[in-house]
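The block underneath contains the structure these notes are about, expressed in structure tokens.
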């Protein structure tokens, strides 16, 4: 039994080999996808949190991304970089959520939930981490959408410039320039908030 990215335990869609026992043959594309999604889920949710601004929406976008990817699983053989594809679908799901009229009216039930809130730390450390994350989130909101997407794909998605360029259908040089611009803007913004 494998665990889906959305936290619901499910059986893998197919069993391998003639014996019908799991693991007795090659991994199916569906199993490979579920494993890849589960492996990158925490980083995807963290990235989506910075894009959307709250954890509930980040989880919703990640779940929506999983469903969109699952529906497109027939085309998995054409995907060269599964992790990059998952992040691209996740960022698109976040954009869709940002555009929705429902989200513009809705307010989160627990606005103080942050990534890493479950770790054991002193209240002072938790507050400091929360303040730093909030400063970074506000700074990211001041970036142009393409700069923010490239920054998050590089930092949280751990993708190479080449993977980002392929994902965004842009030349590698453009991606590097946008990343450099994003970093310069973030340094200026964060420098102004700490002084």
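Computed values, structure above
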item	result
Matching option when the condition is closer than 30 Å to residue 126 by Cα, modelled with pLDDT of 85 or more and either assigned to a loop (DSSP other than H, G, I, E, B) or touching a helix residue (DSSP H, G or I) at 6+ places or on another chain (Cβ under 6 Å) (or both), among 113, 109, 48	48
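Rundown of residues vs (1) part of a helix (DSSP H, G or I); (2) surrounded by fewer than 12 Cβ atoms within 10 Å (Cβ to Cβ); (3) modelled with pLDDT of 85 or more, yes/no style:
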residue	(1), (2), (3)
127	yes, yes, no
132	yes, no, no
147	yes, no, yes
159	no, no, no
174	yes, no, yes
178	yes, no, yes
186	yes, no, yes
192	yes, yes, no
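The values are calculated or read from the model by the stated rules, or taken from the named source; none is laboratory data. Note that the structure is a prediction, hence the values are computed from the model and not measured. Reconstructed Cβ throughout: ideal geometry from the backbone, glycine too, with neighbour counts over all protein chains shown.
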